[in-house]
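Inspection log for the structure reproduced underneath, given as structure tokens.
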Amino acid sequence: MVTTYKDMLAAAHAAVPKVTPAEAASLQTAGALIVDVRDGTEVAASGKVKGAVAVARGSLESRADPDSPNHNPEFRKDRPIILYCAGGGRAALAGKTLRDLGFTDVRNLGGFRDWTASGGPIEPA
């Protein structure tokens, strides 16, 4: 059976719970890692959530996997991870990928615009 983008997105949304900007801010204060999975040009143009780590979705696996030579030590399986992108779709798919890699506490903030509309702090890329 062929899997469609719509199927993949539905599975990702089912596996990765959505959080509000207020919930994400509270989790970040408690030690959660916030990850911006937009590409570098998007992040450079708008900035990112203050304190977030920017890792383009295409590089996520190599940054998250502790056995990869490109591993970013910010990615730990004992730490909640909150992802966002421009609208929420890439964040959901990235979250599903992290779940497949064994991360158990993964959440989807949705889009960067959700964060900024709520007054969340941002910083330059």
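All of the numbers you see were taken from the coordinates with simple rules; none came from a lab. Just so you know, these numbers come straight off a predicted model, no measurement behind them. Heads up, the Cβs are rebuilt from the backbone with ideal geometry, glycines too, and the neighbour counts pull from every protein chain shown.
When the Gaussian network model of the chain links Cα atoms closer than 10 Å, the mean-square fluctuations of A45, A32, A92 top out at A45.
Near G87, the amide H atoms lying under 5 Å from its own belong to F112; only residues 5 or more places off or on other chains count, and H is placed 1.01 Å from N. Using θ = phi - 60° in the Karplus curve 6.51 cos²θ - 1.76 cosθ + 1.60, the 3J(HN,Hα) couplings for the stretch 113-125 round to 5, 5, 5, 5, 5, 8, x, x, x, 10, 9, x, 5 Hz; x is entered for Gly and Pro. If you average the C-alpha positions of the stretch 1-33 and of the stretch 46-63 separately, how far apart do those two centres end up, in angstrom? So the two Cα centres are separated by 15 Å. Computed from backbone phi, the HN-Hα couplings of the stretch 12-19 come to 5, 4, 5, 8, 10, x, 7, 10 Hz, rounded to whole numbers (Karplus: 6.51 cos²θ - 1.76 cosθ + 1.60, θ = phi - 60°; Gly and Pro given as x). By the rule of a C-alpha distance below 17 Å, with chain neighbours fewer than 8 residues away ignored, the lysines paired with K77 are K96.
The packing ranking of peptides 14-23, 61-70, 34-43, highest mean first, is 34-43, 14-23, 61-70, where packing means the average number of other beta carbon atoms within 10 angstrom of each residue. Summarising the amide proton neighbourhood of A54: residues at separation of 5 or more, or on other chains, whose placed amide H is nearer than 5 Å comprise D36. Once backbone amide H atoms are built at 1.01 Å from N, N72 has A64 as its partners under 5 Å, excluding neighbours fewer than 5 places away on the same chain.
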